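One structure is given below, encoded as structure tokens.
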Amino acid sequence: MGKVALVTGTSTGVGLHLSVMLAQQGYTTYATMRNLSKQDALLKLAKEAGVKIKVKALDVQDSASVQNCVNEILAEAGGIDLLVNNAGAGFVRTTEQATEAEIQWVLDVNFMGVMRCTKAVIAHMREKRSGHIINVTSVGVLVGQPFNEFYCGAKFAVEGYTESLASYVQPKFGINFTCVEPGGITTEFANSVFSQLHSTGGMLEDEYKPILQQYIGAAQARRAAQGDARVFQTAAQVAQVIVDCANNPQPPIRVRTSAWAENFCQLKTGLDPDGRKLQALVLNNVLGE
């Protein structure tokens with residue numbers, strides 16, 4: 001019997017392509033999104049690929065929505081073998097400028113959403129002593145960047161959460177955990193980040209404005225100079241890395257999705273690229289194994 005996958009944030013980008021690719025690999029794929037009115041692009045791509053996708057509503061910011069969706073899948077499919085926490089949102093604003101409500105929103109979507117979905121499936125996976133939870137993060141999970149302190153802070157939290165679970169749940173109960181860390185992706189993500197910036201007041205007239213202009217200008221220059229090819233991957237390319245990770249019987253704790261991302265994080269990952277050395281060190285020093 002084929003494996004069952006649950007993917008969050010599938011209306012666009014990586015989640016959309018990943019859902020179709022997993023279905024092509026033989027997974028019974030449950031593609032979830034907050035707003036089901038946005039499912040047309042996914043269904044169109046699935047039809048073109050000749051696969052069927054099961055689409056369900058799931059809002060990662062709503063614990064009841066998450067649990068209800070997971071319960072429905074367990075009732076229908078009898079299990080969940082793979083959870084891909086892909087839903088997330090960027091946010092560009094300084095600590096001084098951001099409101100507390102905005103800060104809570106960024107943390108809730110990017111960290112608490114991962115925690116809610118993981119919490120909803122982990123007991124089932126523990127009982128059957130198998131499963132894989134993949135958290136789609138960013139190079140921002142390892143490297144803090146200008147104007148992204150809240151986004152990076154939330155992603156750093158996901159990294160610590162994933163690493164901690166991998167230190168004892170993985171070896172004791174057979175559940176694998178992985179952070180997939182892309183660099184730039186040519187999706188709607190960047191556009192939504194700057195749309196969010198403009199919707200919350202745009203560039204404010206303060207001492208940070210010229211630095212923000214420098215940040216945006218540098219990003220635009222990278223796109224123009226590299227033609228997106230070196231720095232920026234397509235959503236499908238990132239999705240393929242996730243599929244390969246899901247199919248790996250001994251998946252890494254963390255993995256970058258491109259040579260550029262690997263190089264960008266080299267100072268933090270050079271001694272332990274996949275996270276397995278650190279996992280072994282923690283097991284030895286903390287659990288005495």
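Need the failing condition index for Asp59 against (1) assigned to a loop (DSSP other than H, G, I, E, B); (2) under 18 Å from the mean Cα position of the chain (by Cα); (3) more than 22 Å from Val121 (Cα to Cα), just the number. Exception for Asp59: condition (3). The condition (being surrounded by fewer than 16 Cβ atoms within 10 Å (Cβ to Cβ), modelled with pLDDT under 95 and of a type outside the set (D, E, K, R)) is satisfied by just one residue among Gly90, Gly140, Gly144, Gly78: Gly144.
Which ones in region 26-54 are outside any helix (DSSP H, G or I), in contact with a Gly (Cβ under 9 Å, 6 or more places away or on another chain) and within 21 Å of Ile185 (Cβ to Cβ)?
Residues of region 26-54 outside any helix (DSSP H, G or I): 26-35, 39, 50-54.
Checking the rest, the ones that are also in contact with a Gly (Cβ under 9 Å, 6 or more places away or on another chain) come to 26-28, 31-34.
Listed by number, the residues that qualify are Ala31, Thr32, Met33, Arg34.
Look at region 129-152 and say how many of its residues are within 30 Å of Glu207 (Cα to Cα) and within 14 Å of the chain's Cα centre (by Cα). Give the steps one after another, and end with the answer.
Just the residues of region 129-152 that are within 30 Å of Glu207 (Cα to Cα), to begin with: 138-152.
Then keep just the ones that are within 14 Å of the chain's Cα centre (by Cα); that gives 138-142, 151-152.
Adding up the residues that qualify gives 7.
The residue list Ala261, Ala221, Ala225, Ala154 contains one member that is more than 18 Å from Leu82 (Cα to Cα), of a type outside the set (Ser, Thr, Tyr), modelled with pLDDT of 95 or more and in a helix (DSSP H, G or I), which is Ala154. Residues that are farther than 18 Å from Val109 by Cα and among the acidic types (Asp, Glu) were ranked within region 45-75; the one that is surrounded by the most Cβ atoms within 10 Å (Cβ to Cβ) is Glu72.
Is there any pair linking a residue in region 210-222 that is aliphatic (A, V, I, L, M) to one that is at pLDDT 80 or above and in a helix (DSSP H, G or I), with Cβ under 9 Å and at least six apart or on different chains, and which? From region 210-222, no pairs qualify. Determine if region 174-191 includes at least one residue that is surrounded by fewer than 20 Cβ atoms within 10 Å (Cβ to Cβ) and aliphatic (A, V, I, L, M). So far as region 174-191 goes, yes, one or more of its residues are surrounded by fewer than 20 Cβ atoms within 10 Å (Cβ to Cβ) and aliphatic (A, V, I, L, M).
Please verify whether Gln196 is surrounded by 13 or more Cβ atoms within 10 Å (Cβ to Cβ), of a type in the set (S, T, N, Q), assigned to a helix (DSSP H, G or I) and at pLDDT below 85, treating the condition exactly as stated. Outline the logic, then answer.
Working: surrounded by 13 or more Cβ atoms within 10 Å (Cβ to Cβ): yes; of a type in the set (S, T, N, Q): yes; assigned to a helix (DSSP H, G or I): yes; at pLDDT below 85: yes.
Against the criterion (surrounded by 13 or more Cβ atoms within 10 Å (Cβ to Cβ), of a type in the set (S, T, N, Q), assigned to a helix (DSSP H, G or I) and at pLDDT below 85), Gln196 qualifies.
Counting only residues that are touching a helix residue (DSSP H, G or I) at 6+ places or on another chain (Cβ under 8 Å), of a type outside the set (Gly, Ala, Ser) and in a helix (DSSP H, G or I), region 120-139 holds 6 of them. Which of the residues belonging to region 5-44 are touching a Leu at 6+ places or on another chain (Cβ under 8 Å), within 21 Å of Ser65 (Cα to Cα) and surrounded by fewer than 21 Cβ atoms within 10 Å (Cβ to Cβ)? Passing the criteria: only Arg34.
The values are calculated or read from the model by the stated rules, or taken from the named source; none is laboratory data. Computed from a prediction, not measured in an experiment: that's the story for all the values here. Note that each Cβ is placed from the backbone with ideal geometry, even for glycine, and that neighbours are counted across all protein chains shown.
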